Each structure stands twice: as structure tokens, then as C-alpha cells.
Amino acid sequence: MMLKFQLTKDEFAALTDEQKAMYGEAGDGYQMKIEGLPDVTGLKTKVEELLNEKKTEKEKRELAEAEAQRLALEQARKKGDVETLENSWKQKLADNESQFNGKIETLQKSLHNLLVENVAQKLATELAGDAAPVMLPHIKSRLLVEEQDGKHITRIVDGEGKPSAASIDDLKKEFTNNKAFATVVIGSRANGTGGNGGKQPVGDGGKKWSDYSEAERIRLLDENPEEFKRLAATQ
């Protein structure tokens, strides 16, 4: 039988007298007697106790702050210090309100990205393809987020920013039929509309994207698509 360093009481009872002489009591069991070996009886139990008692610095700080606040409020009640109590509750309400407002702001940004930015980008790409950046600000100005029957939807607004009953398809038709965007909208360009009317061509190499007006960008797309793409990529 191979002897173990530590034995339970039952294991110890099963040994012969000669084997038992090699062990001494250690805690709830028995431990082999080895000269010079330090007594580690109960070390594991002690470590577990320390781990259970130990808390992180953050937990300790939070507990200390909560206890200090509790004691301060208790003292204020005893002294009838209404001002201290009032300030404490005001601070707590302010903290809760700040957290709530932060969550609301994050939610609103997410909804705006989903129901305005994404919708506008999709429609601009459908209408103008590579010229989508030209159309994008005009489309976004016609969209907003609205709550309806507990759900958030994309609402189309008219030219004055007032909510309308128009759909995304209606808005798409409106931009398609708008002569101001004839040189940008894919269908209009394919039909050969929106010529330059005898105007001087745009697109001299010395100008940057920011130097062009919106009208010039539209003309540039129609007259020199490659230059338009090159400049648009540098913005």
C-alpha cells in the first residue's frame, strides 16, 4: 500500500500499527511525520477564509462611502439638519437623472443612425450611385425620427420641415423628377438630360473638392465622372 502524506481518520484507522506510528494528528486528520517539515495544518482553510473576506478596492471604497453617507444622514436626522438631508437627496436625484439622460441620448443617437442616416444613405445611393455624397445632405434634411404607437419610425418632412404623409418611394420620385438634380440622378443621366447648356466645363486640376460649389460638383459629375470620383475620394 502506497502511503499518503495526509490521511483522513478513516484512512488512518485502516493502517497497521507500524504505519500508524509514522503519522501524527493534524487538524481533522493525520499527517506523515517528516523531520524539518513545517506544520501547515489548516493552511488551506485559512487561505479560503482570507479569500472570502477579501474585497476589491472598489468594493471597499463603495462600502465606505455608503456607510459614511448613512452615518451622515443619521446624524442629520438626530440634529434636525434638514438642509443636509435635502442636499443629499438632491445629489442622489441629480446623479440618477444624469445617468438616465445619458442612456436617453445614446438611444436617440442609435435611432437617428438607424432611421435617418442609414435610410438617407441607401436612398442617395439608389438615386445617384457614386454621386451619393451630393444627394445625401438634401435627403437627410427631409427625414426625421418620430414615435408612433410606441414605435419609432422614419418620417418624411416637406420642404419647410413639417411632417408629411409621404413615403420613402414618394421622396425618391420627388428627387428623381427634380430638374435641379437631373445631372446627378442615375435615370436622368442615362436619358441624356441635364447638359451643360454651352457653359464652360468644370474640373481644372488645381481645385480641391472644397473649392467647388454644389452646382459645380453636379456639373463635374456629368462632364467628368472620373475627376469627380478622384476629388470626392480626397474629401
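The values are calculated or read from the model by the stated rules, or taken from the named source; none is laboratory data. Because the structure is a prediction, the values reported are computed rather than measured. Positions of Cβ are generated from backbone atoms using ideal geometry, with glycine treated the same way; all protein chains shown enter the neighbour counts.
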- In the stretch 135-157, what residues are of a type in the set (D, E, K, R) and in contact (Cβ under 8 Å) with a residue 12 or more places away in the chain? 140, 142, 146, 155
- From the set of residues in the stretch 102-148 that are small (Gly, Ala, Ser) and in contact with a helix residue (DSSP H, G or I) (Cβ under 6 Å, 6 or more places away or on another chain), which is surrounded by the fewest Cβ atoms within 10 Å (Cβ to Cβ)? 129
- Query: Within the stretch 153-176, can one find any residue that is touching a Gly at 6+ places or on another chain (Cβ under 8 Å) and modelled with pLDDT of 85 or more?
  - Reply: yes
